[in-house]
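These notes are about the structure you will find just below.
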Protein chains: 2
Amino acid sequence: MISASSLAKTPSPPYYAVIFASRRPHGDRGYDQMAERMVALASQMPGFLGVESVRDVDGFGITVSYWESEDAIRQWKAHAEHQIAQRTGKAVWYTDYIVRIAKVERDYCRMPEQLRQPSSSAKPTEIPPST
Amino acid sequence: MISASSLAKTPSPPYYAVIFASRRPHGDRGYDQMAERMVALASQMPGFLGVESVRDVDGFGITVSYWESEDAIRQWKAHAEHQIAQRTGKAVWYTDYIVRIAKVERDYCRMPEQLRQPSSSAKPTEIPPST
């Protein structure tokens with residue numbers, strides 16, 4: 001089972017990110033179960049590289065999923081069960097949201113070596129994080 | 001004062017995103033004050049477009065800042081006070097982290113019209129969110 005509450009083990013860039021920021025009203029209404037199911041489903045899609053997700057107690061959340069290509073993102077968007085979740089999200093779960101599709105061009109990290117994808121050529125560097 | 005706990009009012013793509021995912025150990029150690037100061041500082045930098053930030057109770061967080069250009073990102077990275085925060089982050093605040101620099105190519109949203117940048121040509125669409 002993929003955990004979305006930790007750093008995603010992505011390979012060296014380039015690859016793609018779907019940055020999904022949203023605000024939820026109070027009340028679960030099936031949200032947590034759907035969110036868990038979507039992570040499990042996405043992780044089985046071709047081209048899926050990882051996901052990172054956080055939501056605070058006030059209902060503001062950011063989920064970033066990582067993909068090999070734009071085509072992989074399109075396939076995930078078109079997945080039947082995901083489409084139902086997207087429609088329910090618009091109708092029930094989200095007050096407002098914005099989805100941004102971005103091409104990751106470079107990265108810097110400090111994480112245990114074993115968390116890095118074996119294929120990655122990126123190493124922990126002296127370049128510090130931007131906030 | 002910019003709030004980082006809400007949707008950033010970004011213009012139409014293209015623009016750049018700095019996706020910063022990190023894990024923090026327990027204990028504040030000056031973190032909250034620094035984080036607030038960095039948002040205030042960044043928002044005064046040329047090319048700053050907005051920021052979205054969430055951290056959960058377990059210490060996992062995602063901050064995405066948006067910039068007009070890669071040059072604007074470089075200037076912010078090189079800012080003297082930000083450099084101190086970056087060094088302290090590595091030494092004290094973060095267990096592990098990854099910074100990804102990405103070019104935002106397209107977006108879809110549902111948010112009140114008044115939250116959109118006036119210059120934006122993007123409109124709320126029927127294209128639903130990916131998770």
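Here, each number is a calculation from the coordinates, and none is a lab measurement. Small disclaimer: the values here were computed from a predicted structure and weren't measured. In this analysis, Cβ positions are derived from the backbone assuming ideal geometry, glycine residues included, and neighbour counts consider all displayed protein chains.
General observations
- From phi via Karplus (6.51, -1.76, 1.60), per-residue ³J(HN,Hα) for segment B:42-58 in Hz, x at Gly/Pro: 4, 5, 9, 7, x, x, 6, 10, x, 8, 10, 8, 9, 9, 8, 5, 8
- Hz values of 3J(HN,Hα) by residue in segment B:3-11 - Karplus curve (6.51, -1.76, 1.60), Gly and Pro given as x: 9, 8, 9, 7, 5, 7, 8, 8, x
- Our coupling estimate for segment A:13-25, obtained by passing each phi through the Karplus curve with A = 6.51, B = -1.76, C = 1.60 and θ = phi - 60°, is x, x, 7, 10, 10, 10, 9, 10, 9, 8, 10, 10, x Hz, Gly and Pro reported as x.
- Cα pair count fraction exceeding 18 Å, expressed as % - segment B:1-72: 39
- Shape category assigned to segment A:55-97 from the gyration tensor of Cα positions, a/c cut at 1.5: oblate
- For residue A:29 and residue B:45, a Förster radius of 25 Å and the Cβ-Cβ distance give a FRET efficiency of 0.05, rounded to the nearest 0.05.
- Which of A:67, A:22, A:51, positive extreme of dipole for segment A:15-107 (C-beta unit charges): A:22
- Neighbour net charge for residue B:92 - beta-carbon separation under 14 angstrom, K R +1, D E -1: +3
- Inter-label distance for residue B:12 and residue A:105, nm, one decimal - labels placed 7 Å from Cα along Cα-to-Cβ: 2.1
- Shortest-first distances to equivalent copies, position residue B:36, nm, label 7 Å out along Cβ: 3.6
- Taking segment B:15-107 and dividing mean pair separation by its residue count, relative contact order in percent (alpha carbons under 8 Å, at least six apart): 50
- At 7 Å out from Cα toward Cβ: residue A:5 inter-copy label distances (nm, ascending): 1.8
- Average partner coverage of A:81-92, which counts Cβ from other chains inside 10 Å: 2
- With the label put 7 angstrom out from Cα along the Cα-to-Cβ vector, residue A:84 ends up 5.5 nm from the copy partners, going from closest to farthest.
- Based on alpha carbons, the Rg and Dmax found for segment B:1-42 are 13.1, 39 Å.
- Tail fraction, Cα-Cα pairs, segment B:22-115, threshold 17 Å, whole percent: 57
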